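First comes the structure, then the notes that go with it.
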Amino acid sequence: MSRQTRRDFLRASAAASTGGILLPFADSRGRTMADETKAPNERPRVGCIGLGGMGRGDAKAVKRYGDILAVCDVDRDHAESAKNDKNIGNGKADTYEDYRKLLDRNDIDVVTISTPDHWHTRIAIAALRAGKDVYCQKPLTLTIDEGKQLRKVVEETKRILQVGTQQRSEDKNMFLTAVAMVRDGRIGKVKRVTCAIGATPDEGKTFRKTEPPAALNWEMWLGQAPKVDYIAERCHNNFRWWYEYSGGKMTDWGAHHVDIAQWAIGMDQSGPKTVEVLSVEHPVPFKNGMPTVDDRYNTATAFLVRCLFPNDVELLIRHDTENGVTFEGEKGTFFVSRSKLEGEPVDELAKNPIPESALIALRKGKRLDSHMGNFIECVRDRATPVSDVASHHRMLTTCHLANIALRLGRTLTWDPVSEQIVGDPEANKWQSREQRKGYEINA
C-alpha cells in the first residue's frame, strides 16, 4: 500500500465503515486499536514534541499504535535520550529543537504535544493548521482566551484533538463509572461535588539564578512568558508551580478532577455562575494579582473555592482532604479516586450494575479502549474523541476562573453563555495575558 493510500485510510470518514474498513464501535470481545494497528499500513506516522517525563510517557503510549519518525525538544538532552530509547525513537527518529521544522514534514500524520503548559496552545494551533491530528497534554491552555482560540481552530480545520485527561479512559474505568452513576440518578439530584486536588509545594526559600544548561534553549523554552533569568526550579518538572507557565494544582490535578465533576453533572458544555474564594494562601506576596518576587514558587499553596453552577450544583475545589472527587446527592454520597470507588451507592452496583452500554455512550459510541487508543481510533474514523477541545475548554475555564479569583482575592460572576466575567472589567482582562513579542498566539 502506498504512503498516500495509507494516509487516505487513516483519514477515512466513518461512512467508510459500510465498506468493511472499520470495525463496530463497541466490540464486546475487547478488541482494541493496538490489535488493529499492527500492520505497517494501519499505523499513523508520528512526531513527538516535548520529551520530558510526561512526554516520554505519551511517546511510549503512542508507539503502540504508530511509528515515531521524529522527536522535538528545546532541551537537546531530552531529544537525544528519546531518540535513542528503544521504546520511543529506537535510534532512528530525527531530532529537532524547533517544533516548526517537525510540523513542516508532510510524512507526519499525528503529533503528541507534551511541553510545559504555556506552549500547548501555540504548538497545537500550528499543528492543526499544518494538517496534523493532535494529542495534547492537559491542561490544554494557559488562559481562557487560548481555549477559545483552539476551539475555533479545531472547528475550522476539522482535525482531531484529544486532550490528555486520561481519567476519562483509564484507572479501571472508575471515573467513567462514577460519571455514569451520577447521570443515571443513582444518588438522586446532586447537591455538591468536592474536588480535592492537593497543595502546591512551598520550599520556603529563594532559588538561585544561574546560567542555563548548554543543552537547553532557555529563550525558546520561555516562549510567550516574560524574559527572566534562568532558575532550575522554573524549568522542567517544577514549571507547574509558577503562574507564568501554568496554574499550580488548580490546573494540574484540577484539570482532571474538575473535568470529571462537570462531566458528571452535565455542565461539560457550560460553566459556573459564580466563583467564590473562601480561603487562599500564596507562598509570596501579591499586588494586583501579580507576585512581587521572582525567585520563589508563586502558585497557591492552600485554597478553598466555591463554584455555583446554573443547575444549582455546588462545586468545591480544595487543597486538603484525600485526593479525589466526592459526589453528594439526595439519595447518597460516594467517592472516586485513581485507587478507589467507594460508598453505599457503589456497594449497590453489585445488585444493579451500570451497563457497559452506558459507559460506551459516554465515550460517544467508542469502545472501552485506552485514552491513546481512543485518540487513534478517532484519527482513523474522524470521530470526536472522548476528551475533546470543547468540553475541556469549558472545564478548564472553571479552573482558570478559580485562579483569577485566587489571585485577585474576590468573587467572580461568570456568564457561561457569553463566556465573559460580568461586572468586573479588570478581572475580565485576565482571560488573556500579554505575550512576548515573537511568541504571540493569534488564531
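Per-structure values
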quantity: Centroid-to-centroid separation of the stretch 396-437 and the stretch 221-260 [C-alpha atoms, Å]; calculated: 18
quantity: In Hz, Karplus ³J(HN,Hα) per residue of the stretch 425-430 (6.51, -1.76, 1.60; θ = phi - 60°; x = Gly, Pro); calculated: x, 5, 5, 4, 5, 6
quantity: Part-to-part distance (alpha-carbon centres) for the stretch 267-311 and the stretch 65-111, which is given in Å; calculated: 37
quantity: Cβ-Cβ FRET estimate between residue 189 and residue 292, R0 fixed at 51 Å, reported to 0.05; calculated: 0.70
quantity: Amide H partners (placed H, <5 Å) of residue 192, local residues excluded; calculated: 314, 328
quantity: Fraction of alpha-carbon pairs over 16 Å apart in the stretch 85-131 - percent; calculated: 43
quantity: Cross-link pairs 38/364; 205/340; 60/189 - those with Cα-Cα distance over 31 Å; calculated: 205/340; 60/189
quantity: Projected-area mean, the stretch 304-422, by convex hull of Cα positions, square nanometres; calculated: 10.0
quantity: Label-point separation in nm, residue 426 to residue 338, each point 7 Å along Cα→Cβ; calculated: 3.8
quantity: Interchain or long-range residues, amide H under 5 Å from residue 274's placed H; calculated: 308, 414
quantity: Out-of-range pairs (alpha-carbon distance over 22 Å; input 101/138; 172/351; 138/249; 63/92); calculated: 101/138
quantity: Relative intensity, log₁₀ I(q)/I(0), of the stretch 213-291 from a Debye sum that treats every alpha carbon as a point, q = 0.25, 0.26 Å⁻¹; calculated: -1.27, -1.31
quantity: Kirkwood hydrodynamic radius over Cα pairs of the stretch 46-85, then Stokes diffusion coefficient at 10 °C and 1.306 mPa s, in µm²/s; calculated: 163
quantity: ³J(HN,Hα) computed for each position of the stretch 242-255 - Karplus, 6.51 cos²θ - 1.76 cosθ + 1.60, integer Hz, glycine/proline x; calculated: 10, 4, 4, 10, 7, x, x, 5, 4, 9, 8, 6, x, 4
quantity: Normalised contact order of the stretch 117-169, rounded percent, pairs of Cα under 8 Å and 6 or more residues apart; calculated: 42
quantity: For the stretch 113-123, Karplus couplings with θ = phi - 60° (6.51, -1.76, 1.60), whole Hz, Gly/Pro x; calculated: 10, 9, 7, x, 4, 5, 9, 3, 5, 4, 5
quantity: Extension gain, residue 415 back to residue 237 (0.36 nm per residue minus Cα-Cα distance, nm); calculated: 60.6 nm
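Every number in this text was worked out from the coordinates using simple rules, so none of it is lab data. The structure displayed is predicted, hence computed values, not measured ones. No Cβ is skipped: glycine too gets one built from the backbone with ideal geometry, and neighbour counts run over all protein chains shown.
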